[in-house]
Amino acid sequence: MRGLYILVAARRPRWAAIHQNLRAVRGFLFGTKILVVRRTVTPGKPGAIYVSVITPGKSAVADPPPCGPGAIYFGCRRSLVATATRAGTFQPERHEDHMQHRSCYINFAEHLQNRWNPNLLYPGAPNQWSAADWTAFLTMIKAFGFNVFEYWAPPTLMDAKALERGGVYGAFAATMRRVTELAHGMGLQTKCLLTVNTMGADWFFACPHAAAEKELLLRLWRHWVRELEGTDIVGIFPGDPGGCNRNGCTHETFVDLALEITELIQQENPRARVEIGTWGTPFSGWGTDMISVPGWDGTFKMIADPKYRPPGAFAHFWLGTPDRARVALEYFLKRLPEFPADSMVAINLGFSPDGDAVMGGDARPWAREIAKQRAIVSWDYSVSEGELLCYPHWRL
């Protein structure tokens, strides 16, 4: 009885209809199990509550839960059974959570500003969350069964101006330090994702083989790891936007740079775990995953110009193949032991934008190999994010 569940509270007369309806929609729930609470009423006796899982699972008996008939709740089994039995005596069996890392993810990027995404980038504009708003949000996701709040720090923040600690840069850091404090007070962790080499609002792709660019890049990484003090997990994201094939950069360059940044993170925040992302085919934008443009100056504007795109190309990147994935992952596995023992790998299980195992192929065999050395978490865009097509976003 592990995983994600839907909890349904129903009195006996409505049970059959709800059971049938849930079975009908089960195929659309991406494997979500359905945790059903049935209430029976016998004259002269207390009502009995039956907690069962439609597929697969066990049954148990509990006292009446404090939830109305026909109510539907979403979350993980542990939080839902607690909801169902708060007023009773039923104690679910003890077990380890199969998904120990359950994060709810918000992308703070400029193109995702709307009424249900917090605004941390535009002073004076609407949708800036108060401490009460953040408290309510964190309370909600904890009730849903998440144990990590994960967020994307946009490349806009990776700007030399950030080193002055003023304006939007200082405000972002102060807000997220406060959010981290609130999260910790609720027993939640926080995770910050930063794209490995993308700098500024115009998305300049710094080259690790260009001394001046790398020097500024590492200064910015050090700055933000310091500014986001208390963050529990720091994610090193390969690209989209980001990557490089200037000056001989390849997928190996990303892995080498990630190791260097990991050492920096350990220096500035020794308690933080590091998460290395594979996003892409894998390692988005590195080496032959990105188009080759003679004289490319590192700007997004130039690399994304349609006039340079090969016929039939999906974009200026996503050009990887299964053969490239094999070479890239073999190198990553070779160097993986050099990352801290508690580090995690966020792997998209299909090396494509939609998790469908085209382009770079099926990542599941590689996930199994990585899992022999380090913990893995999911990072499949269209399955668990989709930039507001699926909300809230989640990672397991």
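The values are calculated or read from the model by the stated rules, or taken from the named source; none is laboratory data. Here the structure is a predicted model, which is why all the values come from computation and not from measurement. Cβ: placed from backbone, ideal geometry, glycine included. Neighbour counts: every protein chain shown.
Selection of region 136-174 for residues being of a type outside the set (A, V, I, L, M, F, W, C), under 21 Å from Leu121 (Cα atoms), under 20 Å from the mean Cα position of the chain (by Cα) and outside any loop (DSSP other than H, G, I, E, B) yields Glu150, Tyr151, Pro155, Thr156. Within region 178-205, the set of residues being farther than 19 Å from Leu216 by Cα and under 19 Å from the mean Cα position of the chain (by Cα) comprises Val179, Thr180, Ala183, His184, Gly187, Leu188, Gln189, Thr190, Lys191, Cys192. Restricting attention to region 287-302, the residues that are closer than 14 Å to Gly200 by Cβ and touching a Leu at 6+ places or on another chain (Cβ under 6 Å) add up to 0. Within region 153-163, not a single residue is touching a helix residue (DSSP H, G or I) at 6+ places or on another chain (Cβ under 9 Å), farther than 24 Å from Ala210 by Cβ, surrounded by fewer than 23 Cβ atoms within 10 Å (Cβ to Cβ) and at pLDDT 95 or above. The set of residues in region 324-375 that are closer than 17 Å to Gly280 by Cβ, small (Gly, Ala, Ser), assigned to a loop (DSSP other than H, G, I, E, B) and within 17 Å of the chain's Cα centre (by Cα) comprises Ser352, Gly355. The one condition from (1) without any contact (Cβ under 8 Å) to a residue 60 or more places away in the chain; (2) in contact with a Phe, Trp or Tyr (Cβ under 8 Å, 6 or more places away or on another chain); (3) farther than 14 Å from Tyr105 by Cβ that Ala132 does not meet is (2).
Within region 329-336, one or more residues are in contact with a Leu (Cβ under 8 Å, 6 or more places away or on another chain) and not polar (S, T, N, Q).
Would you pick out the residues in region 281-318 that are within 26 Å of the chain's Cα centre (by Cα) and under 20 Å from Asn247 (Cβ atoms)?
Those that are within 26 Å of the chain's Cα centre (by Cα) and under 20 Å from Asn247 (Cβ atoms): Phe283, Ser284, Gly285, Trp286, Gly287, Thr288, Asp289, Met290, Phe300, Ala304, His316, Phe317.
Hey, among Thr190, Thr175, which residue is closer than 24 Å to Val274 by Cβ, hydroxyl-bearing (Ser, Thr, Tyr) and touching a strand residue (DSSP E or B) at 6+ places or on another chain (Cβ under 8 Å)? Going through Thr190, Thr175 in turn, the sole match is Thr190.
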